[in-house]
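For reference, the structure discussed in these notes is given below.
Bear in mind that the values in this text are calculations on the coordinates, not laboratory data. Predicted model, so just to flag it, every value in this text is computed and none were measured. FYI the Cβ positions are ideal-geometry reconstructions off the backbone, even for glycines, and counts take in every protein chain you see.
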Amino acid sequence: MSQEECRVLPDAVDAIIDLYRDRPGCRDLEQAAEHLAGHALYEIETGGASKVAFGAAKARELLEG
């Protein structure tokens, strides 16, 4: 997957940091990034999307749900 195919918008970055701010270490944050990348790849491969952009609402929905 290329950089253009998966974008995390600035408001999503803020939301993700807010979700993981109180957790020690970076393991949960790394897993969140992997989860978003995996979801983007799924949308590209099965949903016919050519690129995926995550805003705050979409990122929170995926990571909290």
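Points worth noting:
- Cα centroid of the range 5-35 to Cα centroid of the range 37-65, whole Å: 14
- Using θ = phi - 60° in the Karplus curve 6.51 cos²θ - 1.76 cosθ + 1.60, the 3J(HN,Hα) couplings for the range 32-37 round to 5, 4, 5, 5, 5, 5 Hz; x is entered for Gly and Pro.
- Mean Cα-pair separation over length for the chain, i.e. relative contact order, pairs under 8 Å, 6 or more apart, %: 57
- Each peptide in 46-54, 11-19 was scored by the mean count of other Cβ atoms within 10 Å over its residues; highest first, the order is 11-19, 46-54.
- Translational diffusion of the chain was estimated from the Stokes-Einstein equation, with Rh taken as the Kirkwood radius over Cα pairs; at 25 °C and 0.890 mPa s the coefficient is 203 µm²/s.
- Lys, Arg +1 and Asp, Glu -1 on Cβ, resulting dipole of the chain about Cα centre, debye, nearest 20: 40
- Helical mean residue ellipticity (222 nm; -39500 (n - 2.57) per DSSP H run of 4+; nearest 500) of the chain: -20000 deg cm²/dmol
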